[in-house]
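The values are calculated or read from the model by the stated rules, or taken from the named source; none is laboratory data. All values reported here derive from a predicted model rather than from experimental measurement. Every residue, glycine as well, gets a Cβ built from its backbone with ideal geometry; the counts of neighbours run over all protein chains shown. The protein model used for the area step is the full one, side chains on, heavy atoms only, and it has no ligands, DNA or RNA in it. Shrake-Rupley method; radii C 1.70, N 1.55, O 1.52, S 1.80 Å.
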Amino acid sequence: MLWPFNHFRKPLVTPRGTIEAIYGMIVTQAREPSFYRDLGVPDTVNGRFDLLVLHLWMVLRRLSIAGTSANSASQALFDRFCDDMDTNLREMGVGDLAVPKRMRAFGEAFYGRSAAYDQALATGEEPLAQALCRNIFNGEGMENARRLATYVEKAVADLAERDEPTILRLAWRFPWPAQGREHRDQ
C-alpha cells in the first residue's frame, strides 16, 4: 500500500533485496549453533536476541564508518530489525497494546548494548569481554565472554577491511565463531 505522502520521502538508495540479504546473513550467523554449543551463549530467547543485536551492531558500526552513502543502508537495516522484532512479538502472542512497550524495550536494549560495545571496543579486549559477559552471559562465564570477545574483534577487523560496495554486494562472511576462521563453504 502506498501512503499519500511517500513522495516527500527520500528514495531508498540501497535496494530492499540487499537489506534482506544482509539481515539474513546477520540472523543466520546469530543462530550458528557453535555460539551456543562451544562458546556457552545461553540458547534462550534472550541469548538469541543478544547475539542478533551483537551482529547487527557490528555491521551497522561498519556502515556508519563508510560515510553518508551508507546511511540509508544503515537505516534500512535497522528498520528491518525493528520489523522482524515486531513480527516475532506478534507471532509469540504479544497483544497489540503491549507491542509498542516491548519495541521500546528492544530499542533501549539495542542502543544500550551498542554504546557499551562501542566504548569497550575502543578500550580493548578485556573491557569488551566484560561488556559481553554482562550483556550476553548475565555476568557469569567470563572465559566464554573472552572467547566471544576474540570472535567480535576478528569480525570487526574483517568488516573494517571491506569497503562499502563489498559489504552491500554481500562479498564477505562473518568469521567462524569457535575457531575465528572464515566460514567454510558447505
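Among the residues making up the range 31-83, those that are within 16 Å of Ala149 (Cα to Cα) and either among the small types (Gly, Ala, Ser) or in contact with a His (Cβ under 8 Å, 6 or more places away or on another chain) (or both) are Ser34, Gly40, Gly47.
Looking at this structure, is Ala109 touching a Phe, Trp or Tyr at 6+ places or on another chain (Cβ under 9 Å) and buried (at least 17 other Cβ atoms within 10 Å of the Cβ)?
Answer is no for this residue.
Close contacts from the range 72-90, counting a first residue that is farther than 15 Å from Trp57 by Cβ and a second that is modelled with pLDDT of 90 or more and among the polar types (S, T, N, Q), with Cβ to Cβ under 7 Å and a gap of 6+ residues or different chains, come to none at all. For the range 39-48, enumerate the residues that are closer than 23 Å to Leu159 by Cα and open to solvent by 30 Å² or more (accessible area, probe 1.4 Å). Arg48, the sole residue that qualifies. Considering the range 163-178, the residues that are open to solvent by 50 Å² or more (accessible area, probe 1.4 Å) and charged (D, E, K, R) include one that is nearest to Glu32 (Cα to Cα), namely Arg173.
Every residue, every condition in (1) open to solvent by less than 40 Å² (accessible area, probe 1.4 Å); (2) modelled with pLDDT under 95; (3) out of contact with any strand residue (DSSP E or B) (no Cβ under 6 Å at 6 or more places or on another chain); (4) hydroxyl-bearing (Ser, Thr, Tyr), yes or no:
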| position | (1), (2), (3), (4) |
| --- | --- |
| Pro33 | no, no, yes, no |
| Ile65 | no, yes, yes, no |
| Thr68 | no, yes, yes, yes |
| Asn71 | no, yes, yes, no |
| Ala76 | yes, yes, yes, no |
| Leu89 | yes, yes, yes, no |
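Ala122 falls short on exactly one of the conditions (1) of a type in the set (A, V, I, L, M); (2) touching a helix residue (DSSP H, G or I) at 6+ places or on another chain (Cβ under 6 Å); (3) modelled with pLDDT of 90 or more, and that condition is (2).
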